[in-house]
2 protein chains.
Amino acid sequence: MTNGERDDGGPRRRSDGEQTHAQILDAAMRLASIEGLGSLTIGRLARELGVSKSGVFAHFRSRQRLQEETLRAAEEVFQREVLRPGLDAPEGLARLKSLCNAYLSYVERGVFPGGCFLAQVLAEFDAQTGPLHDAVASGHKTWLGLMEEQVITAQRLNELDPALHPQQFAFELWAPLELANYLATLHRDPTITDWGREAVRATITRALPRTQVSTGVPPLA
Amino acid sequence: MTNGERDDGGPRRRSDGEQTHAQILDAAMRLASIEGLGSLTIGRLARELGVSKSGVFAHFRSRQRLQEETLRAAEEVFQREVLRPGLDAPEGLARLKSLCNAYLSYVERGVFPGGCFLAQVLAEFDAQTGPLHDAVASGHKTWLGLMEEQVITAQRLNELDPALHPQQFAFELWAPLELANYLATLHRDPTITDWGREAVRATITRALPRTQVSTGVPPLA
DNA sequence: CCTACCGATCGGTAGG
DNA sequence: CCTACCGATCGGTAGG
């Protein structure tokens, strides 16, 4: 992203509107992670930011768009804080573990004050209809699909039992991550993520191939 | 509960107020399971029931109490639809499986149109403060504690590996139930609960004692 | 249970 | 980005 810097010495470097827009979305993500996207109102956001209601409104033109942009911004945070570090590991079992650890770390670090944003909106919009529901559904399919891919790859590399159903196993890894997020938030205890870590470990342990080959050396007869 | 029936031939048998109160809570549970307790307003409920706003208000005296009573009513439904049938099985491993199956059946049957009410409010209030947060936290501790008890009993009966950490294992069983509920609701696909069923089966399988004794007959040397 | 009302807040518009 | 405003809805009260 090139920076069209101006020389006129104003206190702001980037486009004022762009920066304000991003600041509004930042506050919106924080608020919505705690109270939900349904509680996100233009007026509250304006009060929180010390500007007028229509000052916020002008950036989005409708509450619907504010909610959609907030969700999209949160998905970008998820991408940056979970997927990018998780995908740094070599593909297969290592990447699967790395994705799980990246998720738990993201919960522990309190990236969102109300816990994982995707988990928040999953529960909020699962039973509703409309564009937010659809966006949540497609986001979760992507996330589950990513895990599934790595299960398949790990099977190809003989790191996981070839008899596993990839979608089923991805579900079994995801489940403790999700519940650890909710319980850590509910009890204000970030160490509850260790339950998730242990669950992932145990789930993977029982899914290793019968004859494990972790190096290139063939097993003894 | 004795029935103080009246003979004056009115179309209603029980106390009118009692019955109306229960009908309001019924509608409130349906609505809140879909949109959350935070979206539950007296006015909407009144419109839905075809009565005046203050007609609903009179039954609760504050929105706070309406929300609290709705949560309590939903916990009673959970008790009736999950705990009671689950606890019918003999204690130990059988009861643990029975509780898991009762939960999944309750999701499949669509007892609440928006999926499991407890899962809904867990995500909604995990990051908030106040009496609703506290009620949710205590409800989940009870539910997890119930599972934990049965893990301990199953260990005593040599039905589960004595090395298991009961709280950890209860968490591992609960996690796929919770996620199955959200995904079944999100994708409007009640068969997704089968993923939960398979996860529970696999989790229990790897937690059986090394020398399994399912009858009173001692294992061979 | 009702009507009628209170002040506050909602999403959104007009006009600048 | 602002003030000023719209009709609708909010929780809650008064009086019956």
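Every number here is computed from the coordinates shown, using simple stated rules; none is lab data. No experiment lies behind these values; they were computed from the predicted model shown. In this analysis, Cβ positions are derived from the backbone assuming ideal geometry, glycine residues included, and neighbour counts consider all displayed protein chains.
Charges were assigned to the Cβ only: +1 to each Lys and Arg, -1 to each Asp and Glu. The resulting dipole of chain A about its Cα centre is roughly 200 debye. For chain A, the longest principal axis of the alpha carbon atoms and the long axis of helix A:193-205 meet at an angle near 30°. Do any trypsin sites (Lys or Arg not before Pro) in the range A:60-145 lie in a DSSP loop with no more than 15 other beta carbon atoms within 10 Å, and if so, which? The qualifying sites are A:Arg61, A:Arg109. Here is how far apart the A:Gln79 label points are across copies: 4.8 nm, shortest first, using a point 7 Å from Cα toward Cβ.
Under 1.5 on a/c is rounded, so check that first for the range B:105-176, then, if it is not, pick prolate when a/b is larger than b/c and oblate when it is not; a ≥ b ≥ c are the square roots of the alpha carbon gyration tensor eigenvalues. Here the range B:105-176 falls in the oblate category. Zone of A:Leu157 (label point 7 Å along Cα→Cβ, backbone N under 16 Å): which residues in the range A:86-105? Hits in the range A:86-105 for A:Leu157 at 16 Å: A:86-102.
Short to long, the 10 Å bins of the Cα pair-distance histogram for the range A:117-221 hold 14, 34, 31, 16, 5, 1 percent of all pairs. The alpha-carbon atoms of chain B define a convex hull whose volume equals 156 cubic angstrom per residue. Simple point charges give the picture: +1 on the Cβ of Lys and Arg, -1 on the Cβ of Asp and Glu, and for the protein assembly as shown a dipole about the Cα centre of about 360 debye. Residues whose amide H lies under 5 Å from that of A:Asp161, counting only those 5 or more places away or on a different chain, are A:Leu208; hydrogens are built 1.01 Å from N in the peptide plane.
Three principal axis extents of the range B:73-134 based on alpha-carbon atoms, in descending order, are 38, 24, 17 Å.
Peptide B:118-125 has a mean shielding of 5, counted as Cβ atoms of other protein chains within 10 Å of each residue's Cβ. Our helix-only sum for chain A, with -39,500 (n - 2.57) per DSSP H run of n ≥ 4 divided by its residues, gives a mean residue ellipticity at 222 nm of -20500 deg cm²/dmol.
Position B:Pro190: other-copy label points at 4.2 nm, ordered by increasing distance, label point 7 Å along Cα→C-beta. For chain A, the longest principal axis of the Cα atoms and the long axis of helix A:166-186 meet at an angle of about 50 degrees. Think of the range A:49-109 as having a plus end and a minus end, set by charges on the Cβ of Lys, Arg, Asp and Glu; of A:Tyr106, A:Ala58, A:Leu83, A:Ala58 sits farthest toward the positive end of this dipole. Each copy carries B:Ser138; placing its label point 7 Å along the C-beta direction from Cα gives inter-copy distances of 4.4 nm, listed from smallest up.
Our note on the geometry: Cα centres of the range A:124-140 and the range B:118-149, 23 Å apart.
A Cβ-based charge dipole, computed about the Cα centre of the range A:118-209 with Lys and Arg at +1 and Asp and Glu at -1, lands at about 160 debye.
Each principal axis of the Cα atoms in the protein assembly as shown has its own extent, and those three values, largest first, are 89, 75, 32 angstrom.
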